[in-house]
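J.: Dropping a structure here in structure tokens format, bear with me for questions.
The values are calculated or read from the model by the stated rules, or taken from the named source; none is laboratory data. Keep in mind that this is a model prediction, so the values were computed, not measured. With ideal geometry, Cβ positions are generated from the backbone for all residues, glycine too; neighbour counts draw on all protein chains shown.
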Ligand SMILES: O=C(O)CCC(=O)C(=O)O
Ligand SMILES: [Fe+2]
């Protein structure tokens, strides 16, 4: 455990615990009933995948949109200058009918109220770029938490789609549990950021490892525990 994590664990109350527990159970049940959903891991962290969730044509269309919005990434106070997340990112236009249809499909797959979902974010990694180890859930001891708490609360599930094959590197590594997912065009990776009890799950720590050759495109959608925005 690093210092940040340790101080968080000491100070953090279990924010949105019952909502996270409920949403965990609801989505878990829905995914289990879907034969397209593969289980990547389910004990220390709940991680699932759906192959060919997006068609090649949909991936290409999304890639063009990501290229249109990608700028240096910022992750709250850990910003681009810190070299923490060096990929370029940006929200794709949520009002675009194509983006709305992809949004609906992800909402429907997970069975989460569409109002809980943040806007889809696109990311592009060039050689050498990465997103270092992090958790998608919020540190409730951090300054940004008051704002996030008022706008949807804790993050519950993450859904991330790979839009292209990467020549080399760029896997998504769940660093504490030894799970490494290589980019596969059109595949959707889904995970619960909380434990079945509704506490933030430290075993969901993950990284977008450096791309060493080629380029990597992904879209990410994060869900809250309540209406976002
Ligand atoms: O690009 C990846 O593999 C990981 C991206 C990620 O962790 C995120 O968008 O939260
Ligand atoms: Fe992440």
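J.: Which ones in the stretch 162-191 are within 13 Å of ligand 2 (Cβ to nearest atom) and farther than 18 Å from residue 123 by Cβ?
T.: Once the filter is applied, which keeps residues that are within 13 Å of ligand 2 (Cβ to nearest atom) and farther than 18 Å from residue 123 by Cβ, the stretch 162-191 yields only 175.
This table checks each residue for (1) without any contact (Cβ under 8 Å) to a residue 60 or more places away in the chain; (2) surrounded by fewer than 20 Cβ atoms within 10 Å (Cβ to Cβ).
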site: 24; (1), (2): no, no
site: 27; (1), (2): no, no
site: 35; (1), (2): yes, yes
site: 38; (1), (2): yes, yes
site: 43; (1), (2): yes, yes
site: 48; (1), (2): no, no
site: 52; (1), (2): no, yes
site: 55; (1), (2): no, yes
site: 61; (1), (2): yes, yes
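J.: Is at least one residue of the stretch 183-198 in a loop (DSSP other than H, G, I, E, B) and free of Cβ contacts under 8 Å to residues at least 40 places away in the same chain? Break it down stepwise before answering.
T.: Initially, the stretch 183-198 is screened for residues in a loop (DSSP other than H, G, I, E, B), giving 183-187, 193, 195-198.
Narrowing the set further to residues that are free of Cβ contacts under 8 Å to residues at least 40 places away in the same chain leaves 183.
Yes, there is a match, as at least one residue in the stretch 183-198 is in a loop (DSSP other than H, G, I, E, B) and free of Cβ contacts under 8 Å to residues at least 40 places away in the same chain.
J.: Right, next: Residue 203 versus (1) crowded, with 16+ Cβ neighbours inside 10 Å; (2) more than 17 Å from residue 24 (Cα to Cα): which is the lone unmet condition?
T.: With (1) crowded, with 16+ Cβ neighbours inside 10 Å; (2) more than 17 Å from residue 24 (Cα to Cα) applied to residue 203, the lone miss is (2).
J.: Taking the stated definitions as given, is residue 90 modelled with pLDDT of 95 or more, assigned to a strand (DSSP E or B) and surrounded by 15 or more Cβ atoms within 10 Å (Cβ to Cβ)? Explain how you work it out, then say what you get.
T.: On the way: modelled with pLDDT of 95 or more: no; assigned to a strand (DSSP E or B): yes; surrounded by 15 or more Cβ atoms within 10 Å (Cβ to Cβ): yes.
When the stated conditions are applied, residue 90 does not pass them.
J.: Now, a different point. Can you work out which of the residues in the stretch 146-161 that are within 16 Å of ligand 2 (Cβ to nearest atom) and in contact (Cβ under 8 Å) with a residue 60 or more places away in the chain is surrounded by the fewest Cβ atoms within 10 Å (Cβ to Cβ)?
T.: Applying the filter and picking the extreme gives 158.
J.: Are any of the residues in the stretch 143-155 within 10 Å of ligand 1 (Cβ to nearest atom) and at pLDDT 95 or above? Even if it seems obvious, please write down each step before you answer.
T.: Just the residues of the stretch 143-155 that are within 10 Å of ligand 1 (Cβ to nearest atom), to begin with: 155.
Retained after the next criterion (residues that are at pLDDT 95 or above): 155.
Yes, the stretch 143-155 contains at least one residue that is within 10 Å of ligand 1 (Cβ to nearest atom) and at pLDDT 95 or above.
J.: Being near ligand 1 (Cβ under 10 Å from one of its atoms), out of contact with any helix residue (DSSP H, G or I) (no Cβ under 7 Å at 6 or more places or on another chain), at positive phi and in contact (Cβ under 8 Å) with a residue 12 or more places away in the chain is the requirement here; does residue 128 meet it? If you could, list the steps in order and put the result at the bottom.
T.: Working: near ligand 1 (Cβ under 10 Å from one of its atoms): no; out of contact with any helix residue (DSSP H, G or I) (no Cβ under 7 Å at 6 or more places or on another chain): yes; at positive phi: yes; in contact (Cβ under 8 Å) with a residue 12 or more places away in the chain: yes.
No, not satisfied.
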